[in-house]
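Below is one structure, written out as structure tokens; comments come after it.
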Amino acid sequence: MIELKEISKKFGDTQAVKQVSFSVAKAETLVLLGASGCGKTTTLKMVNRLIEPDSGQILINKQDIIAQNPDVLRRGIGYVMQNIGLFPHYTIAGNIALVPKLLRWDKAKIKSRTQELIKKLHLPESILAMYPHELSGGQQQRVGLARALITDPPVLLMDEPFGALDNVTRTSIQKEFKALEELKRKTIVMVTHDVQEAFELADRICLMDKGEVVQIGTPKELLYHPINDVVKNFLAGQRLVLEFKVTNIQDIWYYLPEGIVYHEETVNADLSIWEAMELLRNKDRSELFVCGAGKIVKSINFEQLTKGFNQYQNAQQHE
Amino acid sequence: MNEQHQTLWQFMSGQSDKLFSQTLQHVGLTFISLILAIIIGLPLGLLIARKRKLSGMILGIAGVLQTIPSIALLGFMIPVLGIGAKPAIVALLIYALLPIIRNTYTGIIGIDLPVKEAARAMGMSKRQVLLKVELPLAMPVILAGIRTATVINVGVATLASFIAAGGLGEFIFGGISLNNTNMILAGAIPAALLAIILDAVLSLIQNMDIRKLRKVLYILPIVILLLGGFYILPSAYGASLTAGFTPEFMGRQDGDLGLKSVYGLKIHTIVISDAVMYKAAYAKELDVISGYSTDGRLKAFDLKILKDDKNIFPPYYAAPIVRDEALKQFPDLEKTLNLLAGKITDSIMTDLNYRTDYLHQQPERVAKDFLISKGLYKAPKSGHQGTVRIGSKIFGEQYILAEIYSMLIKGYTAYDVATKTGLGGTKICFDALLNNQIDFYPEYTGTGLLVLLQPNPKVAKEMAQDKEKTYRYVSAAFEKKFKIKWLKPIGFNNSYALMMRQKQSKELNVNSITDLKNYLDKN
């Protein structure tokens, strides 16, 4: 869907992006991860030509973007940014309707699509007549997302989309984001410096350092098969949490106690260890009923969960 | 006399026609120049917001233009644009430019970068970004600039009367020259109100929320255009000759009033500053002007004095007037000032004026040369026994006299001298004397009589014809009323006079004011 071929960009004497190549499949979420100054945002902005590369080629749907009018190109690509960038002099409705108006949609279509979207994003309809400064940070970010999604563009670029939010809001919006049906169909390139966020949302992660791609792979690959110390060190600080996040119950199924019980309320085994732990912690539950392959249901408590995970880890290392 | 006892309200209602037209002219001048300043300043502001490298240069130039004193700027305009509306509008436009350019620039570069980036990223074209995002968001700041420019323009527009562009300045500067407080206030109060009201209205618009602002922004240009339209250029006269009179001359019995009542002269008249009047006559912008009979520019610009055959201009013998206290404080002062008594005749004064006004010699040099030629010059003694403060009005002759007196005092006494030259008009100069800001200045008997004392018309008429009588009358009256002494006259008579270009006077065969009246009546 999106393909970058040996993209380079210099700002003055600084080589911001160096020979970056990657491709993103249809409906895939690729996260560009790295410390600030690693060139990830520059790379992202070259995809919708906010920045023009010095050399290399970018294809979207097998078409070279250089051949297209940049304004027209951008109208077909959703863009969500860290500082949201809502227009303070437009109402929320006006902000969301921006791109459809540029595309000369008729009013009724804009209205029905707006209402559909804000419902999906859990925003009250009353905010449509308000101005951006009257909204909370989380609401503003949702509006920013609605603005990017309104024309249902196949490609979405996101530059630190949750960066401006406080931790609590960020976690809840990330969850919604993950659950949003609308986003599952989209090809997404997202930039973040937050490792956990990357692991949470990415299908694949492209780890960048000093303008270059260090490793591209699934979260699991990065965690368990880092190609060098840069990757290892980048993930080291939060290793345990990340392991909880990339491992799901299905993975450790073998190490969980047998106890085949039938229960009405079950959760799916593709739940990550992290999520299972949260459920056990938050909901004051002592046990969780997990439905695994072959409709087998296991009951697990917190200790069993950690024990199973540890055994699984040991087995992995001795592989 | 009556005028002094009139209330301000009576004056204003009596002159309501004039007041109304002056106010309209004032508003018109302000807004025409404002429109032009917006038309030029807004794109320039946008340009330097795009090309930041230019910003230093353009803001610098606009800043320098802003610092040129308004009178000087008006003066610069005359050779290029003549007198009247054009130079006034250009001058006002120049003053309005800086706030508009600067605020447009600041407004545009002050917009949040993410907002600009979002606009680009959504696929807006550059034009759409400018019209839909940048201009609306910068509008409050731009409006603040327009507001500043408007208030500046209302103020500076008062000076437009110096170059015959009308406006409320006619009353203000006329009043200052004529020692008529009501007249000053009749111009100053509406001008101040105008500034306050426009400032308030624009501040209201500036602070409006975005929804209302959008509507107002459509209406605003139309309103500004309409207001600018108030300034209807005074071209409706079919008269063959145009007169330019100073604000002071306009209001004096021995001026325009006398010309009307005694001669029955009807001529298309515009009000203009003395500083530019001669040049305008020379440049054929004006045909008849009210000058001074000893003015050096008479010679310089080849002008002819029309004979005052019905004697409306009384003698104007110059003499220093001194506060009695100053005479006591500086015992040698009277004797020293009287050294000049009778020494300067009409022709000498005209020559001295010619040298400063036309040959552009420094008043100091002219004064020194004169004293040396009369054998009166002595090297300064650098005195320490107190400082004598000399005042002068704001024209060449007075500067020369002030210099001569300064040299005499320094040479003959042990006093030091401080000169306060260029005091705006008779009223300012005389008030400075009364309030102990200066010790003496050269005044003219006619002015003392008609402007400062303002006796009833009968006395005035009786006095006016006789030099000695006038001098005796003002001496006695000043002593009694103000404790100010008239020293001995310097010798020359600088009376008011009507003048024309020599050539035109010959062509039309107009040699006296009566000739002029007859010529005008025929044509």
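The values are calculated or read from the model by the stated rules, or taken from the named source; none is laboratory data. Just so we're clear, the structure is a prediction, and the values are computed from it rather than from any experiment. Note that we place each Cβ from the backbone using ideal geometry, even for glycine, and neighbour counts take in every protein chain shown. When the accessible area is computed, the model is the full protein with side chains, heavy atoms only, and any ligands, DNA or RNA have been set aside. Shrake-Rupley method; radii C 1.70, N 1.55, O 1.52, S 1.80 Å.
Of note:
- Segment A:248-317: projected area of the alpha-carbon convex hull, averaged over directions, in nm²: 4.3
- Dipole magnitude of chain A about its Cα centre (Cβ charges: Lys, Arg +1; Asp, Glu -1), debye to nearest 20: 1060
- Residues B:S125 and B:V262, FRET efficiency given R0 of 60 Å [Cβ-Cβ distance, rounded to 0.05]: 0.25
- Given charges at beta-carbon only (K, R positive; D, E negative), |dipole| of segment B:318-494 in Debye: 300
- Sparse-neighbour loop sites [chymotrypsin sites (Phe, Trp or Tyr not before Pro); segment A:215-314; at most 12 other C-beta within 10 Å; DSSP]: A:Y262
- Simple label model, 7 Å out from Cα along Cβ direction - B:A72 to B:K503, nm: 3.3
- Chain B: DSSP helices with Cα axial extent of at least 20 Å and average Kyte-Doolittle hydropathy no lower than -0.5: B:16-50, B:52-67, B:85-109, B:135-156, B:181-206, B:210-228, B:396-412
- Short to long, the 10 Å bins of the Cα pair-distance histogram for the protein assembly as shown hold 2, 10, 15, 14, 12, 9, 7, 8, 9, 7, 4, 3, 1, 0 percent of all pairs.
- Kirkwood hydrodynamic radius (C-alpha pairs) into Stokes-Einstein, chain A, 4 °C and 1.567 mPa s, D in µm²/s: 60
- Calculated [222 nm] ellipticity per residue, helices only, for the protein assembly as shown: -15500 deg cm²/dmol; basis is -39500 (n - 2.57) per DSSP H run with n ≥ 4, divided by all residues, nearest 500.
- Shape box of chain B [Cα atoms, principal axes, largest first, Å]: 88, 63, 45
- For segment B:384-523, the residue among B:Q385, B:L453, B:M499 whose Cα projects farthest onto the positive side of the dipole built from Cβ charges is B:L453.
- Accessible area (Å², 1.4 Å probe, nearest 10) - A:K101: 130
- Cα-based helix-to-principal-axis angle, A:137-149 vs chain A, degrees rounded to 10: 70
- A cut-off under 9 angstrom between Cβ atoms defines the neighbours of A:I273, and their net charge, with Lys, Arg +1 and Asp, Glu -1, is -2.
- Tail weight of P(r) past 25 Å, computed on alpha-carbon pairs of segment B:1-101, percent: 40
- Between segment A:49-91 and segment A:267-307, the alpha-carbon center distance in angstrom: 43
- Positive dipole terminus of chain A, leading residue within A:V231, A:V143, A:I65 (C-beta point charges): A:I65
- Two-site FRET efficiency, B:D112 against A:A315, from Cβ-Cβ distance with R₀ of 45 Å, rounded to 0.05: 0.30
- Taking only the Cα atoms of segment B:410-493, the ratio Rg/Rh comes out at 1.00, with Rh defined as the Kirkwood radius.
- Theoretical FRET efficiency, 1/(1+(r/R0)^6), r = Cβ-Cβ of A:T306 and A:N228, R0 41 Å, to 0.05: 0.85
- Net charge dipole size for segment B:2-228 [Lys, Arg +1 and Asp, Glu -1 on Cβ; Debye, nearest 20]: 1240
- Translational diffusion coefficient (Stokes-Einstein; Kirkwood radius from C-alpha pairs) of segment B:318-494 at 4 °C, 1.567 mPa s, in µm²/s: 79
- Hydrodynamic radius (Kirkwood) for segment B:2-228, which is based on Cα pairs only, to one decimal in Å: 19.0
- Pairs beyond 21 Å (Cα-Cα), from A:K119/B:K126; A:K40/A:K101; B:K343/B:K381; A:K5/A:K26; B:K304/B:K506; A:K107/B:K132: A:K119/B:K126; A:K40/A:K101; B:K343/B:K381
- The percentage of C-alpha pairs in segment B:252-385 whose separation is greater than 23 Å is 52%.
- Per-residue SASA remark: A:H225, around 130 Å² accessible (1.4 Å probe; ligands, DNA and RNA not included).
- Spatially, segment A:150-164 and segment B:266-286 are offset by 71 Å when compared through their Cα centroids.
- Area of B:L8 that stays accessible when all protein chains are in place (1.4 Å probe, Å², to 10): 40
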